[in-house]
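The structure appears right after this line, and notes come after that.
The values are calculated or read from the model by the stated rules, or taken from the named source; none is laboratory data. Everything quoted here is computed from the prediction, not taken from an experiment. Note that each Cβ is placed from the backbone with ideal geometry, even for glycine, and that neighbours are counted across all protein chains shown. For the accessible areas, the whole protein counts, side chains as well, though only heavy atoms, and no ligand, DNA or RNA atoms are used. Shrake-Rupley method; radii C 1.70, N 1.55, O 1.52, S 1.80 Å.
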Amino acid sequence: MSIQILFSFLFLLVASYSSYASVQDFCVADLSLSDTPSGFPCKDVKKVSVSDFVYSGLAAAGNTSNLIKAAVTPAFTAQFPGVNGLGISTARLDLAVGGVIPMHTHPGGSELLVVIQGTICAGFISTANTVYFKTLNKGDIMLFPQGLLHFQINSGKGPALAIVSFSSPVPGLQITDFALFANDLPTEIVAATTFLDPATIKKLKGVLGGTN
């Protein structure tokens, strides 16, 4: 058997095995083990039950008695092990009157928002610094591409409710205001990188729990 034929045979054998090995119905997260870049390890299929595929946590409104007058109730892998490895997740968004989800990003996935109640002004900023925003009403849907800065504001006269879905079971979250002002980065460095005056920075650090 020639070397070329041998390599071709080995390639087909490995490809066939890999294809077979990767085909499985689901990979319910075993939350007792450590997370990995590719998700949680799979729970023993003998220990999987229908409860792993059902989550009732979005039925109750979140607590909006906070600084931003908003609450996000997630159904990510940690709360809903069945989504592990499937590239999807969801969350509930409650906004009291005047509530806001400040500028933030989801580095791990795109977001789709569906307005269930109220009026929400929402938008995102592209990497070309083009702004796309619109006032959304009940039944409207808006997409926020992965990694881009975006926001949601209750622009109505009553509470607002939305359901959001993500293209990842763990989309990640970084809120710009908290990233800048809820840490111990020295004020002079924040001032140099944001062009804000030190007094404003110290005020924001005081509100958001930052130091230095």
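Per-structure values
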| read-out | value |
| --- | --- |
| Within a Gaussian network of the chain (alpha carbon springs, distance under 10 Å), most fluctuating of VAL50, VAL97, VAL164 | VAL50 |
| Number of Lys pairs (Cα under 29 Å; 8 or more positions apart or on different chains) in the chain | 8 |
| Among PRO74, PRO41, PRO169: highest mean-square fluctuation, GNM of the chain, C-alpha pairs under 10 Å | PRO41 |
| Kirkwood-Stokes translational diffusion coefficient of the chain, alpha-carbon pairs, 25 °C, 0.890 mPa s, µm²/s | 122 µm²/s |
| Full-stretch length increase - SER34, MET103 - with 0.36 nm per residue and alpha-carbon distance subtracted | 21.8 nm |
| Relative contact order (%) - the chain, alpha-carbon pairs under 8 angstrom, separation at least six | 18 percent |
| Normalised alpha carbon radius of gyration of the stretch 22-100 [divisor 2.2 N^0.38 Å] | 1.33 |
| Peptide ranges 107-115, 31-39 listed from the most packed, as the mean C-beta count within 10 angstrom indicates | 107-115, 31-39 |
| Contour excess over end-to-end distance, with Cα ends at LEU208 and GLN24 and 0.36 nm allotted per residue | 61.7 nm |
| Two-site FRET efficiency, SER56 against ILE141, from Cβ-Cβ distance with R₀ of 22 Å, rounded to 0.05 | 0.40 |
| Reciprocal mean inverse distance between Cα atoms of the stretch 43-160 - Kirkwood radius, Å | 15.5 Å |
| GNM top mover of ILE189, ILE175, ILE141 - the chain, alpha-carbon springs below 10 Å | ILE189 |
| Point-to-point label distance, ALA128-GLN174, nm (Cα→Cβ direction, 7 Å offset) | 2.4 nm |
| Distance-filtered residues of the stretch 101-116 - backbone nitrogen under 16 Å, label point 7 angstrom along THR200 Cα→Cβ | 103 |
| Pairwise centroid distance, computed over Cα atoms, of the stretch 177-210 with the stretch 45-120, Å | 29 Å |
| Portion, in percent, of the accessible area of the chain that falls on carbon or sulfur, probe 1.4 Å | 64 percent |
| Largest to smallest accessible area among PHE40, PHE166 [probe 1.4 Å] | PHE40, PHE166 |
| Solvent-accessible area per residue, Å², over the chain with all protein chains present [probe radius 1.4 Å] | 60 Å² |
| Which of ALA60, ILE88, GLY109, positive extreme of dipole for the chain (C-beta unit charges) | ALA60 |
| Sites LYS46 and SER110 - FRET efficiency at Förster radius 41 Å, r taken between beta-carbons, to 0.05 | 0.75 |
